[in-house]
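J.: Encoded as structure tokens, here's the structure I'll be asking about.
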């Protein structure tokens, strides 16, 4: 078998400490013993018991507790009580073969202690924080007996109309791969198995509509949409979730190309694949199955091992096997993958959940500190006119206005697992506490309801603004407007928020907008007229404290945008690493790439983010400008903090192949490093990129590294300046899997 690496991420994972230790003789013997155990168990299982292991059922209807002891359910989701997990596991161990169940839950950004949502986490450009947040989420979840999470979400998205963009890492495949791998490692360290989702192409639905079809050329799949999934596989994810969407006319849940050719044959994945919620049953809706039996048959033959909340496998696979339409060997292999995972997790041997454990043990002081530390680096300062921030000594009173200032539930964001609103430090409370230490008076007026349907209470907000030295306006998206099934056609601020902000600006007082949201929103003329803009995402349990730290200068904002911020929704999809055009934008020439009614550029570019310090780049150097495909590019640059405060800067390295056999992106992020510098400090930063990662795929899956010039850019955003070129001196071509 020939392997087709979509991206050589070996050096990346070595840097993160994510590579598995090289196999040894004892490890090989242990693997042989495990497979012998599985063989023995399979030989004693009835067909119905085998299919039961492929049945994933949620807490609540249609769960039949009596069926657990009959071996009819192999896995559960939405159990979050140790008492009920222990009860269900006890029944599973009473089954004839005493095979334990595995219990999973959507734990995207925390269990009880809520961390910033993944899109916000990506803004930190800090894989160590991604790992830390996942460690804490897993520790809390495993405390109540959970063993498995349906995370991380590795779906890359270039369209912020899609509500689930909040669950991923933005628009860049390299950043997404780094952070996905870090999250898998963190969940493992904290005690949870992972399910990378949604495989694949789910983040590019037509029109930004959740669940709609996607059309992505194979080459683009390999280069843009699959790297994060491969990173998860190489980091050791135990399972993969098939996507809802149809990809190029073939529903992902029935795609043998995805589940078998790419995932298993090309990448060597040995875990199991689960459908998404009722995803197999939805093959009927996709129009490729006439009924549940055909849907079950197509999914299992494509390589989907577990049926989540469809019950089609238990209903139809025994008959399909006995009728000869599904080989029993296919069922056996699916069961083997599930049993292998359960054994590797130690479920046959570990004690069951302790019923006395509850999530009331959290948030702890330690988890709160971790949540605050992570949130601090996710905040993105988009604008800061005349150094409005941080709050200075001349400010004696602040008006805190807006519907999301005191919304502890909404600041948690969607998919908040066991997050409790009463655990949250609201932005209002965080600002009040910090202001009190500085002797600053705080006035509060909510302005309008969460959705700002009316602004009947605007007069109170305007009165508070006129009586204060500074206005902090907290607006954005309530939690329910983000996440799954939350696609939007209009990216404007909700309801009458824009009107309220214009009225606040008209008071003449400096207005700082703190945005609480799961995606960029249209700011229109507000972008010019606001004094400062801080993107807070959904900052989590300690969001109020973290935001106050940034506003008052206790923390120097260091977040960078993980996606391009559109000026208008009509620009979407929008992304920095687009392909060039034969008619690049030219001023005053309408027959070039442009809009008649808006700029072609984003409002804020990918990688953008300000702070209270300024950083300069100098003396960039390419160690060796002539490289072969098996060598590594080394780029060094001196970064200087020219400000008066200590700060953190994300040094970003981009590359471009200007002349190739197929059109290549204008820029591609290939490396980054976050550095901390004291005021006035300079540091030499060296970044490494294996030349093997400078290639691209053809539509047939061939991976190609062409000889020729590659341009190199280094700086603090995707607008980084060109520092030189390298020359790749030989061509390397790797063939795809035979028969693909």
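J.: Sort out which residues of segment 641-675 are within 15 Å of residue 558 (Cα to Cα) and outside any loop (DSSP other than H, G, I, E, B), and write them in order of number.
T.: 641, 647, 648, 649, 650, 651, 652, 672, 673, 674, 675
J.: Same structure, new question: Would you check if residue 185 is touching a residue at least 60 places away in the same chain (Cβ under 8 Å), assigned to a strand (DSSP E or B) and within 30 Å of residue 674 (Cβ to Cβ)? Lay out the reasoning, then the answer.
T.: Numbers: touching a residue at least 60 places away in the same chain (Cβ under 8 Å): yes; assigned to a strand (DSSP E or B): no; within 30 Å of residue 674 (Cβ to Cβ): yes.
Judged against the criteria, residue 185 is not a match.
J.: Across segment 391-409, which residue is modelled with the lowest pLDDT among those that are farther than 21 Å from residue 526 by Cβ and more than 28 Å from the chain's Cα centre (by Cα)?
T.: In this case the residue turns out to be 393.
J.: What tally of residues in segment 634-669 results from selecting those that are touching a residue at least 60 places away in the same chain (Cβ under 8 Å) and out of contact with any helix residue (DSSP H, G or I) (no Cβ under 6 Å at 6 or more places or on another chain)? Talk me through it step by step, then tell me what you get.
T.: Taking segment 634-669 as the starting set, the residues that turn out to be touching a residue at least 60 places away in the same chain (Cβ under 8 Å) are 635, 637, 645-654, 662-669.
Then keep just the ones that are out of contact with any helix residue (DSSP H, G or I) (no Cβ under 6 Å at 6 or more places or on another chain); that gives 635, 637, 645-654, 662-668.
Qualifying residue count, segment 634-669: 19.
J.: Also, I was wondering about something else. Show me the helices (runs of 4 or more DSSP H) found entirely inside segment 417-525 where at least 3 residues are closer than 23 Å to residue 570 by Cα and assigned by TED's automatic domain parsing to the domain that holds residue 392.
T.: Working: elements: 427-438, 458-466, 497-505.
Per the criteria, 497-505.
J.: Just a yes or no: is a residue in segment 659-673 modelled with pLDDT of 95 or more and closer than 19 Å to residue 381 by Cβ?
T.: Applying the first criterion (modelled with pLDDT of 95 or more) to segment 659-673 yields 659-673.
Keeping just the survivors that are closer than 19 Å to residue 381 by Cβ gives 672.
Yes: one or more hits.
J.: Within the bounds of segment 102-120, is there any residue that is on the phi > 0 side of the Ramachandran plot and in a loop (DSSP other than H, G, I, E, B)?
T.: Pass one, segment 102-120, residues on the phi > 0 side of the Ramachandran plot: 110.
Pick out the ones that are also in a loop (DSSP other than H, G, I, E, B) and you get none.
Checked against the condition, which is being on the phi > 0 side of the Ramachandran plot and in a loop (DSSP other than H, G, I, E, B), segment 102-120 yields no hits at all.
J.: Quick test for you: out of 329, 293, 334, pick the one residue that is assigned to a helix (DSSP H, G or I), more than 19 Å from residue 239 (Cβ to Cβ) and in contact with a helix residue (DSSP H, G or I) (Cβ under 8 Å, 6 or more places away or on another chain).
T.: Working: 329 fails: in contact with a helix residue (DSSP H, G or I) (Cβ under 8 Å, 6 or more places away or on another chain); 334 fails: more than 19 Å from residue 239 (Cβ to Cβ).
293 is the lone residue from the list that is assigned to a helix (DSSP H, G or I), more than 19 Å from residue 239 (Cβ to Cβ) and in contact with a helix residue (DSSP H, G or I) (Cβ under 8 Å, 6 or more places away or on another chain).
J.: A further question follows. Do you know which residues across segment 683-702 are in a strand (DSSP E or B) and either assigned by TED's automatic domain parsing to the domain that holds residue 558 or within 16 Å of residue 665 (Cα to Cα) (or both)?
T.: Residues of segment 683-702 that are in a strand (DSSP E or B), as a first pass: 683-690, 696-697.
Those that are in a strand (DSSP E or B) and either assigned by TED's automatic domain parsing to the domain that holds residue 558 or within 16 Å of residue 665 (Cα to Cα) (or both): 696, 697.
The values are calculated or read from the model by the stated rules, or taken from the named source; none is laboratory data. Keep in mind the model is a prediction, meaning the values are calculated, not measured. In this analysis, Cβ positions are derived from the backbone assuming ideal geometry, glycine residues included, and neighbour counts consider all displayed protein chains.
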